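S.K.: Take a look at this one; I'll ask things after.
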Amino acid sequence: MSDAVSFPLLNPDLNQILLVIGRKGSGKSVFAREVFMSWPYIDKFVIDPTGDADPGPGATTIRTLPAQLPEGIRKGDFKTTRWIADPSSKTYREDLDRAVGLALYPKHRRVLLWVDEAGEVFPAGRTGPSARTLLQQSRHWYASLIACTPRPVTIDPLLLSQADRVVIYDLPHPRDRERVAAGIGVPPGDLNRALDETRARGPHWYLLYDARAHELYRCPPLPISAGYKHAEQ
């Protein structure tokens, strides 16, 4: 494992899946937001089941799903849309999957999707058809995904195995650690030691697994952009 050195930079021109894991307050939402905000030249969409995600300035928040995500009038005019789901809706599950479909269609448009609660949108054994398409065929579409979850055992195993990068913050539960180790192909003992050593460094340190290089990196806390407000509505 490479320790606290620069890891391979993310290439925003590639369609890819980033999975961000960690207990509440460990730093995963900050990581997701910073990557989401810095990703250039792309339309952006947030599926926010809890209303906690902060996509940054310029985003439009909606509570009713449109037939299609808004597009800029001119070339280079990219839109950021945040949809706050209604868990009390009778069609809540169907709505979540339909929202994923908005990132897939029209197929020619590049979209970056941030799912703030992956266990709701990609639940183990109950992933909807649009969400399954994104996980299985992401490289054949123009959609990239940033997904966050505190409990890897609750999500569809495809999300873990298909992720191009897995960002791992503090993860105390043994079953979660076992699931991650199996999903990324790292011996459980090695991952346990790496996580324990990373937690000892201080708050918000994290591990980053790069699937293409099959490398695990230990990384220092990310700086937070000015204006970050958790759960801003």
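The values are calculated or read from the model by the stated rules, or taken from the named source; none is laboratory data. None of these values were measured; they are calculated from a predicted model. Positions of Cβ are generated from backbone atoms using ideal geometry, with glycine treated the same way; all protein chains shown enter the neighbour counts.
S.K.: Could you pull out the residue among Ser29, Ser38 that is crowded, with 20+ Cβ neighbours inside 10 Å, among the polar types (S, T, N, Q), out of contact with any Leu (no Cβ under 8 Å at 6 or more places or on another chain) and closer than 26 Å to Ser161 by Cα?
M.R.: Result of the check over Ser29, Ser38: Ser29.
S.K.: OK, next. For the list (1) surrounded by 11 or more Cβ atoms within 10 Å (Cβ to Cβ); (2) within 18 Å of Ile155 (Cα to Cα), I need the number of the one condition that Tyr105 fails.
M.R.: Here Tyr105 clears every test but (2).
S.K.: Let me ask something additional. Which residues, counting only those in the stretch 44-60, are touching a residue at least 24 places away in the same chain (Cβ under 8 Å) and surrounded by fewer than 21 Cβ atoms within 10 Å (Cβ to Cβ)?
M.R.: The answer is Thr50, Gly51, Asp52, Gly56, Pro57.
S.K.: Okay, next question. Surrounded by fewer than 17 Cβ atoms within 10 Å (Cβ to Cβ) and either out of contact with any His (no Cβ under 6 Å at 6 or more places or on another chain) or assigned to a loop (DSSP other than H, G, I, E, B) (or both), is that true of Leu222?
M.R.: Against the criterion (surrounded by fewer than 17 Cβ atoms within 10 Å (Cβ to Cβ) and either out of contact with any His (no Cβ under 6 Å at 6 or more places or on another chain) or assigned to a loop (DSSP other than H, G, I, E, B) (or both)), Leu222 qualifies.
S.K.: Quick test of your reading of the structure: Leu96 fulfils all but one of (1) under 20 Å from Ile62 (Cα atoms); (2) not in a helix (DSSP H, G or I). Name the failing condition by number.
M.R.: Result: Leu96 fails condition (2) only.
S.K.: So the check is Cβ under 9 Å with 6+ separation or different chains; which pairs have a first residue in the stretch 70-84 that's at positive phi and a second one that's assigned to a loop (DSSP other than H, G, I, E, B) and not β-branched (Val, Ile, Thr)?
M.R.: Partner pairs satisfying both residue conditions: Gly76/Tyr41.
S.K.: Filter the stretch 153-208 down to residues that are of a type in the set (Lys, Arg) and closer than 21 Å to Phe122 by Cβ and give me whichever is nearest to the chain's Cα centre (by Cα).
M.R.: Arg165
S.K.: So, of the residues in the stretch 175-203 that are among the β-branched types (Val, Ile, Thr) and over 17 Å from Gly25 (Cβ atoms), which turns out to be surrounded by the most Cβ atoms within 10 Å (Cβ to Cβ)?
M.R.: This residue is Val180.
S.K.: Same structure, new question: If you take just the strands (runs of 3 or more DSSP E) that sit entirely in the stretch 1-67, which of them hold at least 1 residues that are touching a helix residue (DSSP H, G or I) at 6+ places or on another chain (Cβ under 8 Å), modelled with pLDDT of 95 or more and closer than 29 Å to Glu94 by Cα?
M.R.: The qualifying strands (runs of 3 or more DSSP E) are 17-21, 43-48.
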